[in-house]
Amino acid sequence: MKQTHALDILKTGRNVYITGAAGSGKTHVLNEYIAYLKHRGVNVGVTASTGIAATHIGGVTIHSWSGIGIRDTLSEYEMEALEQKEYLWKRFHKTKVLIMDEVSMLSPRVFDTVERVCRAMKRDNKPFGGMQVVIAGDFFQLPPISRGSSEVEFINKSKAWKAMGVRVCYLNEQFRHTDNILENMLNEIRTGNVSPLTRNKLNTSRNRKFNNGITPTRLYTHNADVDALNDKELEKLPGREMKFEMTTKGRAALVDTLKRGLLVPETLRLKKGAAVMFVKNNFEEGYVNGTLGAVEGFDNGLPTVKTFSGKRITVSGAKWEIMEDGKTLAAAEQIPLRLAWAITIHKSQGMNIDAAVIDLSKSFMPGQGYVALSRLRSLEGLSLLGLNDMALSAHPDVAELDKRLLADSKKWEKAISKFSAGELDKMRGEFIVKCGGTLDKKEIEKNKIKTKAGADKKIPTREQTKALIGKGFSLKEIAKERGMTTGTIIAHFEKLKQIDPKIDLKRFKPNPADFRKIKAVFDTLKETKLASAHRKLNGAYSYEELRLARLFL
(Lines give C-alpha, C1' and ligand atoms only; values in the text may rest on other atoms or scores of the structure.)
Protein backbone atom coordinates (compact mmCIF):
# COMPACT_ATOMS: atom_id res chain seq x y z
CA MET A 1 0.00 0.00 0.00
CA LYS A 2 1.21 3.51 -0.79
CA GLN A 3 1.51 6.10 1.96
CA THR A 4 -1.25 8.19 0.34
CA HIS A 5 -3.75 5.32 0.63
CA ALA A 6 -2.79 4.76 4.28
CA LEU A 7 -3.38 8.45 5.02
CA ASP A 8 -6.77 8.29 3.27
CA ILE A 9 -7.82 5.46 5.58
CA LEU A 10 -6.44 7.19 8.68
CA LYS A 11 -8.34 10.39 7.94
CA THR A 12 -11.68 8.54 7.94
CA GLY A 13 -11.20 7.90 11.67
CA ARG A 14 -10.84 4.11 11.55
CA ASN A 15 -8.53 2.19 13.88
CA VAL A 16 -5.41 1.42 11.85
CA TYR A 17 -2.27 -0.73 12.09
CA ILE A 18 0.56 0.67 9.94
CA THR A 19 3.21 -1.88 9.11
CA GLY A 20 5.80 -2.68 6.45
CA ALA A 21 9.46 -3.47 6.02
CA ALA A 22 12.18 -1.31 7.54
CA GLY A 23 12.47 1.94 5.58
CA SER A 24 8.94 1.85 4.17
CA GLY A 25 7.98 5.14 5.85
CA LYS A 26 5.86 4.09 8.85
CA THR A 27 7.12 6.91 11.07
CA HIS A 28 6.73 9.40 8.22
CA VAL A 29 3.05 8.48 7.83
CA LEU A 30 2.52 8.87 11.58
CA ASN A 31 4.14 12.30 11.57
CA GLU A 32 2.07 13.38 8.57
CA TYR A 33 -1.14 12.29 10.26
CA ILE A 34 -0.21 13.90 13.59
CA ALA A 35 0.43 17.20 11.78
CA TYR A 36 -2.89 16.88 9.88
CA LEU A 37 -4.81 16.45 13.16
CA LYS A 38 -3.01 19.28 14.96
CA HIS A 39 -3.65 21.66 12.07
CA ARG A 40 -7.37 20.98 12.54
CA GLY A 41 -7.28 21.40 16.30
CA VAL A 42 -7.75 17.72 17.15
CA ASN A 43 -5.99 16.65 20.36
CA VAL A 44 -3.78 13.63 19.77
CA GLY A 45 -1.84 11.46 22.24
CA VAL A 46 1.57 10.66 20.71
CA THR A 47 3.27 7.63 22.23
CA ALA A 48 5.56 4.69 21.52
CA SER A 49 6.58 1.48 23.25
CA THR A 50 10.07 2.77 24.09
CA GLY A 51 11.58 6.14 24.86
CA ILE A 52 13.90 5.95 21.86
CA ALA A 53 10.99 5.34 19.50
CA ALA A 54 8.95 8.09 21.21
CA THR A 55 11.60 10.72 20.46
CA HIS A 56 11.26 9.98 16.72
CA ILE A 57 7.64 11.16 16.74
CA GLY A 58 7.89 13.79 19.46
CA GLY A 59 5.97 11.82 22.08
CA VAL A 60 6.34 9.86 25.30
CA THR A 61 6.16 6.18 26.18
CA ILE A 62 2.69 4.65 26.28
CA HIS A 63 3.48 3.49 29.82
CA SER A 64 4.02 7.09 30.94
CA TRP A 65 1.13 8.56 28.93
CA SER A 66 -1.42 6.04 30.20
CA GLY A 67 -0.19 6.16 33.79
CA ILE A 68 0.54 2.42 34.09
CA GLY A 69 4.28 2.96 34.57
CA ILE A 70 6.38 -0.19 34.61
CA ARG A 71 3.41 -2.47 35.37
CA ASP A 72 2.06 -5.03 32.89
CA THR A 73 -1.32 -5.33 34.58
CA LEU A 74 -3.35 -3.40 37.15
CA SER A 75 -5.31 -4.73 40.11
CA GLU A 76 -8.74 -3.25 40.85
CA TYR A 77 -7.19 -1.21 43.67
CA GLU A 78 -4.46 0.13 41.34
CA MET A 79 -7.06 0.98 38.70
CA GLU A 80 -9.12 2.92 41.26
CA ALA A 81 -5.99 4.79 42.36
CA LEU A 82 -5.25 5.69 38.76
CA GLU A 83 -8.76 7.03 38.28
CA GLN A 84 -8.20 9.49 41.14
CA LYS A 85 -5.41 11.30 39.30
CA GLU A 86 -6.81 14.55 37.97
CA TYR A 87 -4.07 15.15 35.40
CA LEU A 88 -4.83 11.77 33.81
CA TRP A 89 -8.54 12.55 33.69
CA LYS A 90 -7.81 15.80 31.86
CA ARG A 91 -5.43 14.07 29.45
CA PHE A 92 -7.91 11.33 28.51
CA HIS A 93 -10.83 13.72 28.33
CA LYS A 94 -9.04 15.90 25.75
CA THR A 95 -7.51 13.11 23.66
CA LYS A 96 -9.49 12.04 20.59
CA VAL A 97 -6.79 10.07 18.76
CA LEU A 98 -4.16 7.83 20.34
CA ILE A 99 -0.94 7.02 18.43
CA MET A 100 1.32 4.11 19.46
CA ASP A 101 4.56 3.49 17.55
CA GLU A 102 6.83 0.40 17.63
CA VAL A 103 4.09 -1.86 19.00
CA SER A 104 6.09 -4.99 18.12
CA MET A 105 7.80 -4.43 21.46
CA LEU A 106 4.53 -4.32 23.43
CA SER A 107 3.25 -7.51 25.00
CA PRO A 108 -0.45 -8.46 24.65
CA ARG A 109 -0.81 -7.99 28.41
CA VAL A 110 0.41 -4.38 28.32
CA PHE A 111 -1.72 -3.61 25.25
CA ASP A 112 -4.83 -4.95 27.01
CA THR A 113 -3.99 -2.99 30.15
CA VAL A 114 -3.69 0.27 28.21
CA GLU A 115 -7.03 -0.46 26.51
CA ARG A 116 -8.66 -1.13 29.88
CA VAL A 117 -7.34 2.15 31.29
CA CYS A 118 -8.66 4.03 28.25
CA ARG A 119 -12.18 2.63 28.76
CA ALA A 120 -12.12 3.46 32.47
CA MET A 121 -10.82 6.99 32.01
CA LYS A 122 -13.14 7.82 29.09
CA ARG A 123 -16.14 6.25 30.87
CA ASP A 124 -16.92 4.51 27.58
CA ASN A 125 -17.05 0.75 27.02
CA LYS A 126 -16.15 0.95 23.33
CA PRO A 127 -12.61 -0.32 22.57
CA PHE A 128 -10.07 2.20 23.88
CA GLY A 129 -12.93 4.32 25.19
CA GLY A 130 -14.04 5.29 21.70
CA MET A 131 -10.81 7.02 20.66
CA GLN A 132 -9.35 6.41 17.22
CA VAL A 133 -6.28 4.24 17.80
CA VAL A 134 -3.39 4.26 15.33
CA ILE A 135 -0.67 1.70 15.98
CA ALA A 136 2.49 1.16 13.96
CA GLY A 137 5.29 -1.35 13.93
CA ASP A 138 6.84 -4.36 12.27
CA PHE A 139 6.65 -7.77 13.93
CA PHE A 140 9.98 -8.67 12.29
CA GLN A 141 11.68 -6.16 14.58
CA LEU A 142 12.78 -7.05 18.11
CA PRO A 143 9.86 -8.67 19.94
CA PRO A 144 8.67 -8.38 23.54
CA ILE A 145 9.70 -11.11 25.98
CA SER A 146 7.44 -12.04 28.86
CA ARG A 147 9.03 -11.68 32.27
CA GLY A 148 10.31 -14.98 33.57
CA SER A 149 9.66 -16.66 30.23
CA SER A 150 11.33 -16.98 26.84
CA GLU A 151 7.95 -17.22 25.11
CA VAL A 152 7.19 -14.41 22.68
CA GLU A 153 3.68 -13.15 21.96
CA PHE A 154 2.67 -10.15 19.88
CA ILE A 155 -0.25 -7.78 20.40
CA ASN A 156 -2.35 -9.52 17.75
CA LYS A 157 -2.98 -12.14 20.48
CA SER A 158 -4.54 -9.52 22.75
CA LYS A 159 -8.26 -9.02 23.40
CA ALA A 160 -7.87 -5.34 22.46
CA TRP A 161 -6.54 -6.16 18.98
CA LYS A 162 -9.48 -8.44 18.29
CA ALA A 163 -12.01 -5.89 19.54
CA MET A 164 -10.75 -2.75 17.82
CA GLY A 165 -11.65 -3.68 14.23
CA VAL A 166 -8.21 -2.76 12.95
CA ARG A 167 -7.58 -1.76 9.32
CA VAL A 168 -4.13 -2.95 8.22
CA CYS A 169 -2.03 -0.62 6.06
CA TYR A 170 1.01 -2.57 4.84
CA LEU A 171 3.39 -0.02 3.28
CA ASN A 172 5.40 -1.38 0.39
CA GLU A 173 7.42 1.60 -0.89
CA GLN A 174 11.11 1.67 0.06
CA PHE A 175 12.78 4.93 1.16
CA ARG A 176 15.85 3.79 3.10
CA HIS A 177 17.82 1.26 1.11
CA THR A 178 19.76 2.31 -1.96
CA ASP A 179 20.35 -1.13 -3.47
CA ASN A 180 18.13 -4.03 -4.42
CA ILE A 181 20.59 -6.61 -3.08
CA LEU A 182 20.08 -5.55 0.52
CA GLU A 183 16.32 -5.13 0.04
CA ASN A 184 16.02 -8.67 -1.40
CA MET A 185 18.13 -10.04 1.45
CA LEU A 186 15.84 -8.49 4.05
CA ASN A 187 12.75 -9.77 2.25
CA GLU A 188 14.18 -13.30 2.36
CA ILE A 189 14.68 -13.00 6.13
CA ARG A 190 11.07 -11.79 6.42
CA THR A 191 9.76 -14.83 4.53
CA GLY A 192 11.98 -17.26 6.43
CA ASN A 193 13.66 -18.50 3.24
CA VAL A 194 17.25 -17.25 3.32
CA SER A 195 18.86 -18.58 0.15
CA PRO A 196 22.44 -19.86 -0.23
CA LEU A 197 23.03 -16.91 -2.58
CA THR A 198 22.13 -14.46 0.20
CA ARG A 199 24.44 -16.22 2.65
CA ASN A 200 27.24 -16.02 0.08
CA LYS A 201 26.63 -12.29 -0.40
CA LEU A 202 26.79 -11.80 3.34
CA ASN A 203 30.06 -13.70 3.46
CA THR A 204 31.56 -11.36 0.83
CA SER A 205 31.07 -8.62 3.42
CA ARG A 206 33.22 -10.40 6.01
CA ASN A 207 35.77 -8.03 7.57
CA ARG A 208 35.30 -5.42 4.81
CA LYS A 209 37.63 -2.42 5.11
CA PHE A 210 36.45 1.14 4.49
CA ASN A 211 38.92 3.53 2.92
CA ASN A 212 37.25 6.91 3.38
CA GLY A 213 38.88 7.67 6.72
CA ILE A 214 35.65 7.27 8.70
CA THR A 215 35.39 4.59 11.35
CA PRO A 216 32.17 2.59 10.83
CA THR A 217 29.94 1.86 13.81
CA ARG A 218 30.03 -1.59 15.35
CA LEU A 219 26.63 -3.05 16.16
CA TYR A 220 26.66 -5.47 19.09
CA THR A 221 23.94 -7.51 20.74
CA HIS A 222 25.12 -6.71 24.30
CA ASN A 223 25.56 -3.35 26.13
CA ALA A 224 28.76 -4.47 27.86
CA ASP A 225 30.54 -4.89 24.52
CA VAL A 226 29.42 -1.42 23.40
CA ASP A 227 30.51 0.46 26.53
CA ALA A 228 33.86 -1.32 26.70
CA LEU A 229 34.78 -0.54 23.10
CA ASN A 230 33.70 3.13 23.19
CA ASP A 231 35.63 3.80 26.41
CA LYS A 232 38.70 1.94 25.16
CA GLU A 233 38.84 3.76 21.82
CA LEU A 234 38.34 7.21 23.36
CA GLU A 235 41.14 6.60 25.86
CA LYS A 236 43.49 5.65 23.01
CA LEU A 237 43.20 9.08 21.41
CA PRO A 238 45.78 11.72 22.33
CA GLY A 239 44.81 15.28 23.13
CA ARG A 240 42.46 17.02 25.48
CA GLU A 241 39.08 15.56 26.29
CA MET A 242 36.16 17.96 25.91
CA LYS A 243 32.99 17.46 27.96
CA PHE A 244 29.52 18.69 27.08
CA GLU A 245 26.86 18.56 29.77
CA MET A 246 23.16 18.16 29.03
CA THR A 247 20.86 20.89 30.31
CA THR A 248 17.25 20.13 31.20
CA LYS A 249 14.11 21.84 32.41
CA GLY A 250 10.67 20.64 33.47
CA ARG A 251 9.21 18.31 36.09
CA ALA A 252 11.80 15.86 37.39
CA ALA A 253 9.76 12.74 36.56
CA LEU A 254 9.11 13.89 32.99
CA VAL A 255 12.74 14.95 32.52
CA ASP A 256 13.84 11.46 33.64
CA THR A 257 11.40 9.90 31.17
CA LEU A 258 12.75 12.11 28.39
CA LYS A 259 16.40 11.35 29.20
CA ARG A 260 15.79 7.59 29.21
CA GLY A 261 14.50 7.86 25.66
CA LEU A 262 17.48 9.77 24.29
CA LEU A 263 20.47 8.28 22.53
CA VAL A 264 22.59 11.30 23.44
CA PRO A 265 24.46 10.96 26.78
CA GLU A 266 24.07 13.36 29.71
CA THR A 267 27.82 13.91 29.64
CA LEU A 268 29.24 13.75 26.13
CA ARG A 269 33.00 13.09 26.12
CA LEU A 270 34.83 13.89 22.90
CA LYS A 271 38.37 14.18 21.58
CA LYS A 272 39.80 15.08 18.21
CA GLY A 273 39.58 11.91 16.11
CA ALA A 274 36.60 10.42 17.97
CA ALA A 275 34.15 8.37 15.91
CA VAL A 276 30.71 9.90 16.34
CA MET A 277 27.13 9.48 15.20
CA PHE A 278 24.47 12.17 14.93
CA VAL A 279 21.35 11.24 16.91
CA LYS A 280 18.85 13.76 15.58
CA ASN A 281 17.56 14.90 12.20
CA ASN A 282 18.55 18.37 11.02
CA PHE A 283 18.24 18.57 7.26
CA GLU A 284 19.25 22.27 7.19
CA GLU A 285 22.59 21.51 8.81
CA GLY A 286 23.13 18.42 6.66
CA TYR A 287 22.76 15.47 9.03
CA VAL A 288 20.18 12.90 10.07
CA ASN A 289 19.79 10.38 12.87
CA GLY A 290 22.53 7.82 12.10
CA THR A 291 24.93 10.03 10.10
CA LEU A 292 28.50 8.94 10.88
CA GLY A 293 31.60 11.08 11.16
CA ALA A 294 34.79 11.86 13.02
CA VAL A 295 35.63 14.86 15.19
CA GLU A 296 38.18 17.03 13.33
CA GLY A 297 38.54 19.57 16.10
CA PHE A 298 36.69 22.18 18.11
CA ASP A 299 35.62 25.60 16.87
CA ASN A 300 34.14 28.20 19.22
CA GLY A 301 34.04 25.44 21.81
CA LEU A 302 31.83 23.31 19.55
CA PRO A 303 32.87 20.05 17.83
CA THR A 304 33.56 20.12 14.10
CA VAL A 305 32.67 16.81 12.46
CA LYS A 306 33.63 15.46 9.06
CA THR A 307 30.84 13.14 7.98
CA PHE A 308 31.00 9.85 6.09
CA SER A 309 30.08 11.75 2.90
CA GLY A 310 32.86 14.32 3.38
CA LYS A 311 30.72 17.23 4.68
CA ARG A 312 32.15 19.34 7.53
CA ILE A 313 29.68 20.45 10.20
CA THR A 314 30.23 22.57 13.30
CA VAL A 315 27.70 20.98 15.63
CA SER A 316 25.68 23.23 17.91
CA GLY A 317 23.22 22.15 20.58
CA ALA A 318 19.88 20.51 19.81
CA LYS A 319 16.74 20.28 21.88
CA TRP A 320 14.43 17.37 22.65
CA GLU A 321 11.02 18.06 24.18
CA ILE A 322 7.92 16.45 25.63
CA MET A 323 5.02 18.63 24.57
CA GLU A 324 1.32 18.65 25.28
CA ASP A 325 -1.21 21.10 23.83
CA GLY A 326 1.63 23.16 22.40
CA LYS A 327 3.32 23.57 25.80
CA THR A 328 6.76 22.21 26.67
CA LEU A 329 6.49 19.94 29.72
CA ALA A 330 10.12 18.79 29.69
CA ALA A 331 13.14 19.66 27.59
CA ALA A 332 16.75 18.56 27.25
CA GLU A 333 19.52 20.24 25.30
CA GLN A 334 22.80 18.63 24.29
CA ILE A 335 25.20 18.39 21.36
CA PRO A 336 23.39 15.79 19.16
CA LEU A 337 26.28 13.32 19.01
CA ARG A 338 27.29 10.08 20.67
CA LEU A 339 30.46 8.03 20.49
CA ALA A 340 30.02 5.66 17.58
CA TRP A 341 32.70 3.05 17.66
CA ALA A 342 29.85 0.85 18.88
CA ILE A 343 26.10 0.86 19.58
CA THR A 344 23.64 -1.90 20.52
CA ILE A 345 21.34 -3.34 17.87
CA HIS A 346 18.42 -2.48 20.17
CA LYS A 347 19.34 1.23 20.22
CA SER A 348 19.95 1.29 16.48
CA GLN A 349 16.24 0.82 15.77
CA GLY A 350 14.96 3.77 13.76
CA MET A 351 18.40 4.79 12.47
CA ASN A 352 19.74 4.95 8.90
CA ILE A 353 23.44 4.11 9.18
CA ASP A 354 26.03 4.77 6.46
CA ALA A 355 28.41 1.97 7.42
CA ALA A 356 28.56 -0.60 10.20
CA VAL A 357 30.71 -3.43 11.48
CA ILE A 358 28.17 -5.96 12.70
CA ASP A 359 28.83 -8.91 14.97
CA LEU A 360 25.89 -11.34 14.83
CA SER A 361 27.79 -14.29 16.30
CA LYS A 362 26.08 -13.79 19.68
CA SER A 363 22.51 -13.22 18.43
CA PHE A 364 20.18 -14.56 21.09
CA MET A 365 16.68 -13.72 19.82
CA PRO A 366 14.85 -13.73 16.49
CA GLY A 367 14.91 -10.42 14.67
CA GLN A 368 18.32 -9.15 15.80
CA GLY A 369 19.98 -9.82 12.45
CA TYR A 370 17.07 -8.28 10.56
CA VAL A 371 17.12 -5.11 12.69
CA ALA A 372 20.91 -4.73 12.36
CA LEU A 373 21.03 -5.24 8.58
CA SER A 374 17.96 -3.09 7.95
CA ARG A 375 19.72 -0.07 9.51
CA LEU A 376 22.06 0.10 6.51
CA ARG A 377 21.39 2.08 3.36
CA SER A 378 23.43 -0.32 1.23
CA LEU A 379 25.18 -3.69 1.52
CA GLU A 380 28.37 -1.81 0.61
CA GLY A 381 28.16 -0.27 4.08
CA LEU A 382 28.43 -3.68 5.82
CA SER A 383 31.48 -5.28 7.36
CA LEU A 384 30.38 -8.57 8.95
CA LEU A 385 32.40 -9.98 11.86
CA GLY A 386 30.37 -13.06 12.67
CA LEU A 387 27.07 -14.79 12.13
CA ASN A 388 25.08 -17.53 13.86
CA ASP A 389 21.89 -19.31 12.79
CA MET A 390 19.71 -17.26 15.14
CA ALA A 391 20.79 -14.03 13.43
CA LEU A 392 18.89 -14.68 10.19
CA SER A 393 15.80 -16.16 11.80
CA ALA A 394 12.42 -14.59 12.34
CA HIS A 395 9.97 -15.67 14.99
CA PRO A 396 8.26 -18.80 13.57
CA ASP A 397 4.77 -17.31 13.82
CA VAL A 398 5.71 -13.99 12.23
CA ALA A 399 6.01 -15.09 8.59
CA GLU A 400 2.51 -16.60 8.68
CA LEU A 401 1.09 -13.54 10.44
CA ASP A 402 2.80 -11.31 7.87
CA LYS A 403 0.97 -13.04 5.02
CA ARG A 404 -2.37 -12.39 6.72
CA LEU A 405 -1.50 -8.76 7.34
CA LEU A 406 -0.53 -8.28 3.70
CA ALA A 407 -3.79 -9.85 2.52
CA ASP A 408 -5.78 -7.61 4.90
CA SER A 409 -3.94 -4.55 3.62
CA LYS A 410 -4.81 -5.36 0.02
CA LYS A 411 -8.46 -5.72 1.04
CA TRP A 412 -8.55 -2.29 2.71
CA GLU A 413 -6.62 -0.66 -0.13
CA LYS A 414 -9.21 -1.96 -2.57
CA ALA A 415 -12.03 -0.76 -0.31
CA ILE A 416 -10.72 2.80 0.08
CA SER A 417 -10.12 3.06 -3.67
CA LYS A 418 -13.84 2.68 -4.33
CA PHE A 419 -14.65 6.03 -2.71
CA SER A 420 -14.67 9.22 -4.77
CA ALA A 421 -12.68 12.30 -3.71
CA GLY A 422 -15.94 13.94 -2.59
CA GLU A 423 -16.97 10.96 -0.49
CA LEU A 424 -13.54 10.86 1.17
CA ASP A 425 -13.72 14.59 1.92
CA LYS A 426 -17.11 14.13 3.55
CA MET A 427 -15.85 11.29 5.78
CA ARG A 428 -12.76 13.29 6.76
CA GLY A 429 -14.88 16.29 7.67
CA GLU A 430 -17.33 14.24 9.72
CA PHE A 431 -14.47 12.71 11.72
CA ILE A 432 -12.80 16.07 12.41
CA VAL A 433 -16.10 17.57 13.60
CA LYS A 434 -16.76 14.51 15.78
CA CYS A 435 -13.34 15.10 17.40
CA GLY A 436 -14.15 18.74 18.12
CA GLY A 437 -11.74 20.01 15.47
CA THR A 438 -12.16 22.72 12.89
CA LEU A 439 -12.82 22.73 9.14
CA ASP A 440 -12.39 26.50 8.90
CA LYS A 441 -9.58 27.18 6.42
CA LYS A 442 -8.37 30.30 8.24
CA GLU A 443 -8.14 28.42 11.54
CA ILE A 444 -6.29 25.56 9.83
CA GLU A 445 -3.76 28.02 8.36
CA LYS A 446 -3.24 29.63 11.77
CA ASN A 447 -2.61 26.22 13.31
CA LYS A 448 -0.17 25.35 10.52
CA ILE A 449 1.84 28.47 11.31
CA LYS A 450 1.89 27.55 15.01
CA THR A 451 2.96 23.99 14.22
CA LYS A 452 5.70 25.18 11.87
CA ALA A 453 7.00 27.60 14.48
CA GLY A 454 7.23 24.70 16.93
CA ALA A 455 8.82 22.33 14.43
CA ASP A 456 11.47 24.64 12.91
CA LYS A 457 13.42 25.07 16.12
CA LYS A 458 16.69 26.11 14.47
CA ILE A 459 15.53 29.45 13.08
CA PRO A 460 13.06 30.53 15.79
CA THR A 461 15.45 29.67 18.65
CA ARG A 462 17.99 32.25 17.40
CA GLU A 463 15.21 34.75 16.80
CA GLN A 464 13.99 34.26 20.38
CA THR A 465 17.52 35.03 21.60
CA LYS A 466 17.64 38.08 19.30
CA ALA A 467 14.40 39.35 20.84
CA LEU A 468 15.90 39.14 24.35
CA ILE A 469 19.02 40.99 23.14
CA GLY A 470 16.69 43.76 22.00
CA LYS A 471 15.10 43.89 25.45
CA GLY A 472 18.45 44.56 27.09
CA PHE A 473 18.92 41.18 28.82
CA SER A 474 22.43 40.20 29.95
CA LEU A 475 24.09 37.00 28.72
CA LYS A 476 23.24 35.13 31.93
CA GLU A 477 19.68 36.47 31.91
CA ILE A 478 19.16 35.31 28.32
CA ALA A 479 20.54 31.85 29.16
CA LYS A 480 18.25 31.60 32.21
CA GLU A 481 15.20 32.83 30.29
CA ARG A 482 15.82 30.36 27.45
CA GLY A 483 16.76 27.45 29.74
CA MET A 484 20.03 27.05 27.85
CA THR A 485 23.75 27.23 28.59
CA THR A 486 25.62 30.49 28.07
CA GLY A 487 27.74 28.63 25.51
CA THR A 488 24.66 27.91 23.43
CA ILE A 489 23.56 31.56 23.65
CA ILE A 490 27.02 32.67 22.47
CA ALA A 491 26.63 30.27 19.54
CA HIS A 492 23.37 32.10 18.76
CA PHE A 493 25.28 35.43 18.87
CA GLU A 494 27.81 34.05 16.39
CA LYS A 495 25.11 32.84 14.00
CA LEU A 496 23.18 36.10 14.31
CA LYS A 497 26.31 38.11 13.49
CA GLN A 498 26.95 35.94 10.43
CA ILE A 499 23.41 36.66 9.24
CA ASP A 500 23.54 40.37 10.14
CA PRO A 501 27.07 41.79 10.70
CA LYS A 502 25.51 45.08 11.89
CA ILE A 503 23.65 43.51 14.83
CA ASP A 504 24.30 45.47 18.02
CA LEU A 505 26.10 43.19 20.49
CA LYS A 506 28.45 45.82 21.98
CA ARG A 507 27.21 45.45 25.55
CA PHE A 508 28.46 41.83 25.53
CA LYS A 509 32.00 42.97 24.63
CA PRO A 510 34.55 42.30 27.41
CA ASN A 511 35.78 45.33 29.33
CA PRO A 512 38.49 47.35 27.49
CA ALA A 513 41.45 46.02 29.51
CA ASP A 514 40.49 42.36 29.04
CA PHE A 515 39.61 42.89 25.40
CA ARG A 516 43.04 44.44 24.67
CA LYS A 517 44.83 41.45 26.23
CA ILE A 518 42.71 38.91 24.33
CA LYS A 519 42.98 40.84 21.04
CA ALA A 520 46.75 41.06 21.37
CA VAL A 521 46.99 37.27 21.61
CA PHE A 522 44.59 36.65 18.72
CA ASP A 523 46.66 39.12 16.61
CA THR A 524 49.72 36.86 17.02
CA LEU A 525 47.86 33.83 15.68
CA LYS A 526 47.46 32.95 12.01
CA GLU A 527 44.00 31.62 12.77
CA THR A 528 41.66 32.67 15.59
CA LYS A 529 41.77 29.25 17.23
CA LEU A 530 40.37 29.32 20.75
CA ALA A 531 42.58 26.51 22.06
CA SER A 532 45.76 28.32 20.99
CA ALA A 533 44.60 31.61 22.52
CA HIS A 534 43.55 29.82 25.71
CA ARG A 535 47.03 28.30 26.07
CA LYS A 536 48.85 31.59 25.37
CA LEU A 537 46.76 33.34 28.00
CA ASN A 538 47.54 30.52 30.48
CA GLY A 539 43.84 29.86 31.00
CA ALA A 540 43.21 33.32 32.42
CA TYR A 541 40.03 33.61 30.37
CA SER A 542 37.36 30.96 29.76
CA TYR A 543 36.48 29.73 26.28
CA GLU A 544 33.21 31.62 26.52
CA GLU A 545 35.03 34.89 27.29
CA LEU A 546 37.33 34.28 24.33
CA ARG A 547 34.38 33.59 22.05
CA LEU A 548 32.68 36.83 23.12
CA ALA A 549 35.87 38.79 22.49
CA ARG A 550 36.34 37.22 19.07
CA LEU A 551 32.94 38.58 18.00
CA PHE A 552 34.49 42.08 18.05
CA LEU A 553 37.83 41.42 16.30
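The values are calculated or read from the model by the stated rules, or taken from the named source; none is laboratory data. Keep in mind that what you see is a predicted model, and the values were worked out from it rather than measured. Backbone-built Cβ (ideal geometry, glycine too); neighbour counts: all protein chains shown. Ligands, DNA and RNA are stripped out before the accessible areas are found, and what is left, the full protein with its side chains, is counted by its heavy atoms. Shrake-Rupley method; radii C 1.70, N 1.55, O 1.52, S 1.80 Å.
Some notes on this structure:
- Considering only residues in region 396-433 that are of a type outside the set (A, V, I, L, M, F, W, C) and open to solvent by less than 30 Å² (accessible area, probe 1.4 Å), the one that is nearest to Asn203 (Cα to Cα) turns out to be Asp402.
- Check on Asn211, under 21 Å from Leu385 (Cα atoms), out of contact with any Asp or Glu (no Cβ under 7 Å at 6 or more places or on another chain) and either modelled with pLDDT of 85 or more or not polar (S, T, N, Q) (or both): no
- From the options Asn193, Asn184, residue that is in a helix (DSSP H, G or I), closer than 25 Å to Lys410 by Cβ and modelled with pLDDT of 80 or more: Asn184
- Members of region 331-380 that are at pLDDT below 85 and part of a strand (DSSP E or B): Thr344, Ile353, Asp359, Leu360
- Residue in region 462-498 that is most open to solvent (accessible area, probe 1.4 Å), counting only those that are out of contact with any helix residue (DSSP H, G or I) (no Cβ under 8 Å at 6 or more places or on another chain) and assigned to a helix (DSSP H, G or I): Lys480
- Filtering Thr19, Thr27, Thr47 for residues that are buried (at least 18 other Cβ atoms within 10 Å of the Cβ), within 23 Å of Leu376 (Cβ to Cβ) and under 23 Å from the mean Cα position of the chain (by Cα) leaves a single hit, Thr19.
- Tyr87 being outside any loop (DSSP other than H, G, I, E, B), among the aromatic types (Phe, Trp, Tyr) and at pLDDT 95 or above: no
- Output for region 102-123, where each listed residue is within 30 Å of Tyr370 (Cβ to Cβ), in contact with a Ser or Thr (Cβ under 7 Å, 6 or more places away or on another chain) and buried (at least 19 other Cβ atoms within 10 Å of the Cβ): Glu102, Val103, Met105, Leu106, Ser107, Pro108, Phe111, Asp112, Thr113, Val114
- Filtered by the rule that a residue be among the β-branched types (Val, Ile, Thr) and closer than 13 Å to Cys118 by Cα, region 53-74 gives Ile62, Ile68.
- Tallying residues that are in a loop (DSSP other than H, G, I, E, B), over 11 Å from the mean Cα position of the chain (by Cα), buried (at least 22 other Cβ atoms within 10 Å of the Cβ) and at pLDDT below 90 within region 249-293 yields 1.
- Restricting attention to region 31-52, the residues that are assigned to a helix (DSSP H, G or I) and within 18 Å of Val114 (Cα to Cα) total 1.
- Where a residue in region 406-435 is in contact (Cβ under 8 Å) with a residue 40 or more places away in the chain and of a type in the set (S, T, N, Q) and its partner, wherever it lies, is part of a helix (DSSP H, G or I) and surrounded by 11 or more Cβ atoms within 10 Å (Cβ to Cβ), with Cβ under 7 Å and at least six apart: none
- Count of residues meeting criterion [surrounded by fewer than 21 Cβ atoms within 10 Å (Cβ to Cβ), at pLDDT 85 or above and of a type in the set (A, V, I, L, M)] in region 296-327: 1
- If you check Glu241, Glu245 for being open to solvent by less than 70 Å² (accessible area, probe 1.4 Å) and among the charged types (D, E, K, R), only one passes: Glu241.
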